[in-house]
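Worksheet: one structure, shown below.
The values are calculated or read from the model by the stated rules, or taken from the named source; none is laboratory data. Quantities reported herein were computed from a predicted structural model and do not represent experimental measurements. A quick note on method: Cβ atoms are made from the backbone with ideal geometry, for glycine too, and the neighbour counts reach across all protein chains shown. Areas reflect the complete protein model, heavy atoms only, side chains present, ligands, DNA and RNA absent. Shrake-Rupley method; radii C 1.70, N 1.55, O 1.52, S 1.80 Å.
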Amino acid sequence: MKWFSKSQQSMREKQLENIYTMLEGSGDYISKKHQLKKTAIYCSFIRTIVDTDMLQRDILTPLIQQSEGTTLEELRTSLPFEEVILTDDVNTIKEKVLQGHVLIQLEKNSEQGLLLDVKAKNDRQVSPPEVEYNVLGPNESFIESLDVNIYLLRKRLPLPNFKIKEVTVGKLTKTRTAIIYIDGLANEENVNTVMQRVTAIEYDQIIDVSFISQMIEDDHNSAFPQLVDTERPDRVASSLSEGKIAILVDGSPFALMGPTTIVEFFSAFDDYTLNWYIASAFRLIRLMSVAFSVLATPLYVATLTFHYQLIPKNLLATLISSRMGIPFPPLAEAFLMEFTIEVLREAGVRLPTKVGQTIGIVGGIVIGTASVQANLTSNVLLILVAMAALASFTTPNYRMNNTVRLIRFPFLLFAGLWGMYGIACCFAIVVAHLLRLESLGRPYIEPFFPLRIKDLKDAFFRLPFSKQKLRPMLLRPQDPGRVNTQRASKKHDIDD
Amino acid sequence: MQNNAKRLLIALLLISLCLTGCAKPRIVDDVHLVQAIGYDYYKENYLLGTITSPVYSQSAGSGIMPPKSDVMSVVVKKGTEVNAELESESEYQLEPGKLLVSLYSNEIAADGLFQYVDLLKRNPDIGIVTNLAITEGSAKEILEGQYASDPLISEYLSNMFKKHATNNFPETNLHTFLYQYAGKGMDPFLPLIKKENEHVKIIGIALFKGDKYIDYVPYSQAFVFNMLYQSFSKGNYAVPLNASQYVSIENISSKVDYQVEPRGKDGRHPIVKISVEENGYVRESASVLKGKHSIPNLQKRLAKELQKNGITLIKNFKNLRTDPLQIGSHVRSFQRHWSEAAWMDYYPHADIRLKVKVKLKHEGITN
């Protein structure tokens, strides 16, 4: 067996050589000799990702001035670091050096070395949320650093059973991905599903959490997002304590949460900071605006093209005189307007903010007045289209918001071809699709189908906290009760 | 397998898109909406059909221009549709889906209305709440007229009928006509209208026997008719104090109750007892209500008058052998073996009793 170990030896040496030549090939790799009291060390690191101040202050200065050790083991004990890795594994060395560790060796390019984390921390500050803004409640949002994000969650959930499972995905990006849940609360089946799907990801780059979201979703072809993404740590903490599972990715200021239902995409965090019936009213307004946004223009087109009988007699004059002289059928007219609005919105998103003001002026003048005066569109439709666009923006979740905006186009087309019947067909297709849809294997439109009366407490209405004693049944939590019922029953007023 | 099914489904969907030519689009500004239709006799077997449709003009930036009424008439053979004959003159397709009123001259109505109503009934585009009315004189004249309150005669009439259905007048439309025509122990009735200068006036309730117009109840008695026909509110009625003075009463509620003794005294003929409870208040009075005209006295007087008028009305209906109050139908609900023929034999001398109670709740602020 000697020849075998010998060949292994030479292979390792070759590997070692390869790595060091590869590292030295990149311009920001530094390897320098330092003379200590009793021995010399070689210190190697990648300059651009290492905090050089820290390196000098906390490693080199104490080593050069004080250390009397001669072996790596002795040097290791004299360094004030919480984690010092002593390794002779080539791959670990490569990986850690590339992630911002400094490598300390006694011989240059040998296979043994100490690894110390001196990663430069150039993360931005935790700032208020920008996508999911709310009036009341906490004002922190995730940033691009996974550690900071986990810190934001941990400080909200100081629990020993707060579980973080870290995996690395992405062949090139080696993205650190954390799967977070509360052990003993989250359903294990859900955890296993997420773990299995995340580890099965085979792709070269995971730049953002949305990549993961698209890869692990139950139906990749669905227009509806099946995992909630949020930038609010408070929302994630609250979901975790319901028994949901969160996925965070290093480098992405968003967290994914699942399993979820369609209702959650229309609930904002303000729904929980406001009084329950006020919150319920606003949630209903949001749901109605979604229905309005999807159906308003299709109904207009269907009615004007096929079902003039449905128009109340007092509205006839308004509708007909505003459509007088317009050369297009209602379908073309509506498509033109919807297209214009979408173009304006898309342009508004893409334009740099400094130029962005022009969009408002162009949009206001072009679709506001000119197209009506030029007899290209009717006033009534203009109002409907603008209202529908406005209503679509009430959806708090950006991805659902896009779905709501796009889904009205097939409705519009079918309304123009088949009238009400077409709308009904389209509606049936959407409902059938939603019925089949799952989020991490759980039904997507859960409180309604399958009907679970107990989960309706947080669907159309958000009932008061006193009625929210059970966690959502959808998640099948290991511990379904939210409150200590014994203690709750003992509660009494001070003057009792 | 699943893949094949999917492909088939997609193919079917795509094919079905080609079928869309089947649904005929009727874009609302590219059709002529027939909102009112009127029938007159022209001569033997020929009718003069008149339709009106609104012509809207383009809104000039702000506000809506008042529409104009486009009136077209044509002579058609009995039994053919007026719309079809008028297609040759109209710019756009004539669509009856927003028909608001359908008028028939009293001559036509006297010969039987069902064949005309049948046309409306069969057309799925036409709503069941279309108003029907009988005109005293020519229907064409009413449709052609210019009116001060509304440029569109169709809307004018439709609004007028709607308003009346909420006070003195019972509701009438295509649905009630068909129901009363087909129902057992009842006869239809419709408003009777007449043109007067710049206005159209409802002059009474046209009574039918079967589908034939026979007589009418004058408008002044509409309150009494409605009081016997249904429970209602917000009607008004004027009681004479003396030869020149009247007191106007508005009712808060009027409740009518039909009780039938199915066998009556002779064991065969039913007795119908109608009791009416009026709650109202004094709305307008020329003099202070005191002494002889005090509220309790006024109540008695009003009750007496309503009772008298009601009995007269019922007597007239008996003589005409028409039953717009649906008394037959009320009796039917109390009798086990009711037959229409037997009832109609008995009806002209039926024992029908009426009792009216009046309560005036207040008389407004007096000095």
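Points to keep in mind about this one:
- Qualifying residue in segment A:297-305 (condition: away from chain B (no Cβ under 14 Å) and of a type outside the set (Lys, Arg)): yes
- Search result, residues across segment A:434-460 that are in contact (Cβ under 8 Å) with a residue 40 or more places away in the chain, surrounded by 16 or more Cβ atoms within 10 Å (Cβ to Cβ) and of a type in the set (A, V, I, L, M, F, W, C): A:Leu434, A:Leu437, A:Leu440, A:Ile445, A:Ala459
- Residue within segment A:158-174 that is among the aliphatic types (A, V, I, L, M) and in contact with a Gly (Cβ under 8 Å, 6 or more places away or on another chain) present: no
- Out of B:Val282, B:Val256, one residue alone is in contact with a helix residue (DSSP H, G or I) (Cβ under 7 Å, 6 or more places away or on another chain) and touching a residue at least 12 places away in the same chain (Cβ under 8 Å). It is B:Val256.
- Residues of segment A:461-477 satisfying the condition of being open to solvent by 90 Å² or more (accessible area, probe 1.4 Å) and either of a type in the set (A, V, I, L, M, F, W, C) or part of a loop (DSSP other than H, G, I, E, B) (or both): A:Phe461, A:Phe465, A:Lys469, A:Arg476
- Residue that is farthest from A:Tyr398 (Cα to Cα), among those in segment A:207-229 that are aliphatic (A, V, I, L, M), in contact with a Ser or Thr (Cβ under 9 Å, 6 or more places away or on another chain) and open to solvent by 30 Å² or more (accessible area, probe 1.4 Å): A:Ile207
- The set of residues from segment A:372-388 being open to solvent by 10 Å² or more (accessible area, probe 1.4 Å) and away from every other protein chain (no Cβ under 14 Å) comprises A:Leu384, A:Ala386, A:Met387.
- For segment B:159-171, filtered to residues that are out of contact with any helix residue (DSSP H, G or I) (no Cβ under 7 Å at 6 or more places or on another chain) and open to solvent by less than 20 Å² (accessible area, probe 1.4 Å), the residue that is farthest from B:Ile252 (Cα to Cα) is B:Phe161.
- Per the conditions (1) under 17 Å from the mean Cα position of the chain (by Cα); (2) under 29 Å from A:Thr52 (Cβ atoms); (3) open to solvent by 40 Å² or more (accessible area, probe 1.4 Å), the sole criterion not satisfied by A:Ile143 is (3).
- Per-region count, segment A:320-339, residues within 10 Å of chain B (Cβ to nearest Cβ) and either touching a Phe, Trp or Tyr at 6+ places or on another chain (Cβ under 7 Å) or touching a residue at least 60 places away in the same chain (Cβ under 8 Å) (or both): 6
- Applying the set (1) farther than 27 Å from A:Gln468 by Cβ; (2) under 14 Å from the mean Cα position of the chain (by Cα); (3) in contact (Cβ under 8 Å) with a residue 12 or more places away in the chain to A:Gln205 leaves exactly one unmet item: (2).
- Only listed residue being assigned by TED's automatic domain parsing to the domain that holds B:Ala133 and in contact with a Pro (Cβ under 7 Å, 6 or more places away or on another chain), chosen from B:Val82, B:Val34, B:Val74: B:Val34
- Checking A:Gln309 against (1) open to solvent by 30 Å² or more (accessible area, probe 1.4 Å); (2) at the interface with another protein chain (Cβ under 9 Å from one of its Cβ atoms); (3) outside any helix (DSSP H, G or I), the condition it does not meet: (3)
- With a requirement of 3 or more residues that are out of contact with any Pro (no Cβ under 8 Å at 6 or more places or on another chain) and of a type in the set (Phe, Trp, Tyr), the helices (runs of 4 or more DSSP H) lying completely within segment A:331-444 that satisfy it span A:398-418.
- Qualifying residue in segment A:368-381 (condition: closer than 27 Å to A:Ala279 by Cβ and in contact with a helix residue (DSSP H, G or I) (Cβ under 6 Å, 6 or more places away or on another chain)): no
- Test: residue in segment A:436-451 that is small (Gly, Ala, Ser) and either over 30 Å from A:Pro480 (Cβ atoms) or at pLDDT below 90 (or both): no
- Any hit, segment A:359-368, residues being within 14 Å of chain B (Cβ to nearest Cβ), at pLDDT below 90 and farther than 30 Å from B:Ser158 by Cβ: yes
- Tally, over segment A:243-279, of residues that are within 21 Å of A:Ile212 (Cβ to Cβ) and either open to solvent by 10 Å² or more (accessible area, probe 1.4 Å) or in contact with a Ser or Thr (Cβ under 9 Å, 6 or more places away or on another chain) (or both): 21
- If the condition is being open to solvent by less than 50 Å² (accessible area, probe 1.4 Å) and closer than 29 Å to B:Pro218 by Cβ, then segment B:111-136 contributes B:Gly112, B:Leu113, B:Tyr116, B:Val117, B:Leu120, B:Thr130, B:Asn131, B:Leu132, B:Ala133, B:Ile134, B:Thr135.
- A:Glu342 satisfies every condition listed in (1) buried (at least 19 other Cβ atoms within 10 Å of the Cβ); (2) touching a residue at least 60 places away in the same chain (Cβ under 8 Å); (3) of a type in the set (D, E, K, R) except (1).
- B:Leu241 falls short on exactly one of the conditions (1) in contact with a strand residue (DSSP E or B) (Cβ under 7 Å, 6 or more places away or on another chain); (2) closer than 25 Å to B:Phe189 by Cα, and that condition is (2).
- Selection status of A:Ala317, open to solvent by less than 40 Å² (accessible area, probe 1.4 Å), part of a helix (DSSP H, G or I) and either charged (D, E, K, R) or facing another protein chain (nearest Cβ under 7 Å) (or both): yes
- Qualifying strands (runs of 3 or more DSSP E) (wholly inside segment B:1-80; at least 2 residues being within 14 Å of another protein chain (Cβ to nearest Cβ) and modelled with pLDDT of 85 or more): B:31-33, B:46-55, B:68-77
- Count of segment B:298-346 residues, restricted to those that are open to solvent by less than 20 Å² (accessible area, probe 1.4 Å) and touching a residue at least 60 places away in the same chain (Cβ under 8 Å), is 15.
- B:Glu89 vs. criteria touching a strand residue (DSSP E or B) at 6+ places or on another chain (Cβ under 8 Å), part of a loop (DSSP other than H, G, I, E, B) and either farther than 12 Å from B:Gly38 by Cβ or within 13 Å of chain A (Cβ to nearest Cβ) (or both): yes
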